[in-house]
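Asks: Following this message is one structure expressed as structure tokens.
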Amino acid sequence: ASVQGISPLSQQDERRSAAFASLTDNRGNEWSGIELHTHIEKHERYRGLELTLFALLLPGAPVLCCVTRLTNRTEMAYNSFQSTINSFLLPGESLEQGWMEKDNGTRYRCGKAGAEIESDGVIRLGSDNRSAALHALNRYPGSKAWMYTNNLVIHHGVSQSSLMPAGSTVWAAPVFYTFSGTPLSYTDMRALAEITFGG
């Protein structure tokens, strides 16, 4: 996870910690996993900001949920503060065996030339050697997601801008990753996309 205005190198230089976590969503489901905290103390502009990335599983469901929480102790208010969840994926033994597609079925080969697609809520990532595809689901509209590939990497990113008053705690919309042997649409997974945390 990352936030606007702080480079990955600067973020790695901040104090970090990890712990086991359990969260209840707006439907009463209890998710469990890990939480990774970053306490911004050295970066002058955003000193006092706390970023927490949760990676959670729901017992009995083949779904990984990633969600961020921002706590603003900077003494500043932000009208539109952007946070991003980045995932780097390998769908098979090599990038060249991978493909990515949107709901319209247009498929893009991974691991060769640079290509980027934007999400309308779901992007599927698969491999020539596997029958199931990974479905990356984000709330749409409400967050912006994309998948990018070149000859070295497959990168999935989801960004969201939030109103963040001084002293507030803000939750971003979750990102979900699930496998399916048949292509699932955003409509098929809408109930999942509408899950929220933090009240």
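Asks: Compute, for residue 84, the solvent-accessible surface of its heavy atoms (probe 1.4 Å) with the complete set of protein chains present, and express it in square angstrom to the nearest 10.
Replies: Counting only protein heavy atoms, residue 84 exposes about 20 Å² to solvent.
Asks: Let me ask another. Please arrange 37, 156 by accessible surface area, largest first, computed with a 1.4 Å probe and ligands excluded.
Replies: Descending accessible area places them as 37, 156.
Asks: Which aspartates and glutamates have a Cα less than 18 Å from the Cα of residue 42, not counting those fewer than 8 places away in the same chain?
Replies: Leaving aside aspartates and glutamates fewer than 8 places away in the same chain, those within reach of residue 42 are 13, 14, 50, 75.
Asks: If you average the alpha carbon positions of segment 98-143 and of segment 41-93, how far apart do those two centres end up, in angstrom?
Replies: For segment 98-143 versus segment 41-93, the Cα centre distance is 22 Å.
Asks: Count neighbours as other Cβ atoms within 10 Å of each site's Cβ, and list the GluC sites (Glu not before Pro) in segment 1-106 that are DSSP loop with at most 14 such neighbours.
Replies: 41, 44, 75, 93
Asks: How big is the dipole moment of the chain about its Cα centre under a simple scheme where the beta carbon of each Lys and Arg is +1, that of each Asp and Glu is -1, and everything else is neutral? Debye, nearest 20, please. Please report the intermediate quantities before stating the final value.
Replies: On the way: 17 positive and 19 negative charges, 22 e Å.
My answer is approximately 100 debye.
Asks: Mind checking which of 150, 86, 104 has the largest fluctuation in a GNM of the chain, springs on alpha carbons under 10 Å?
Replies: Taking springs between Cα atoms under 10 Å, the residue moving most is 104.
Asks: Please report the base-10 log of the normalised intensity I(q)/I(0) for segment 1-49, using a Debye sum with one equal scatterer per alpha carbon and no solvent, at each q in 0.18, 0.21, 0.22, 0.33 (1/Å).
Replies: -0.66, -0.76, -0.79, -1.24
Asks: Mind grabbing the accessible area of residue 73 for me, 1.4 Å probe, Å², rounded to tens?
Replies: Approximately 140 Å² of residue 73 is accessible to the 1.4 Å probe.
Asks: How much accessible surface does residue 53 have with a 1.4 Å probe, in Å² rounded to 10?
Replies: 40
Asks: Right, something else. Counting pairs of alpha carbon atoms under 8 Å apart in space and at least six apart in sequence, what relative contact order in percent does segment 1-111 give?
Replies: Over segment 1-111, the number comes to 20 percent.
Asks: Going Cα to Cα from residue 102, which aspartates and glutamates come in below 13 Å? Please leave out same-chain ones fewer than 8 positions away.
Replies: 116, 118, 120
Asks: Let me ask something additional. What is the spin-label model distance, in nm, from residue 116 to residue 47 if the labels are put 7 Å beyond Cα along the C-beta direction?
Replies: If labels sit at residue 116 and residue 47, their model points lie 3.4 nm apart.
The values are calculated or read from the model by the stated rules, or taken from the named source; none is laboratory data. Please read these numbers as outputs of a predicted model, since none were measured by experiment. In this analysis, Cβ positions are derived from the backbone assuming ideal geometry, glycine residues included, and neighbour counts consider all displayed protein chains. Remember, those area values only see protein heavy atoms, side chains included, never the ligands or the DNA or RNA. Shrake-Rupley method; radii C 1.70, N 1.55, O 1.52, S 1.80 Å.
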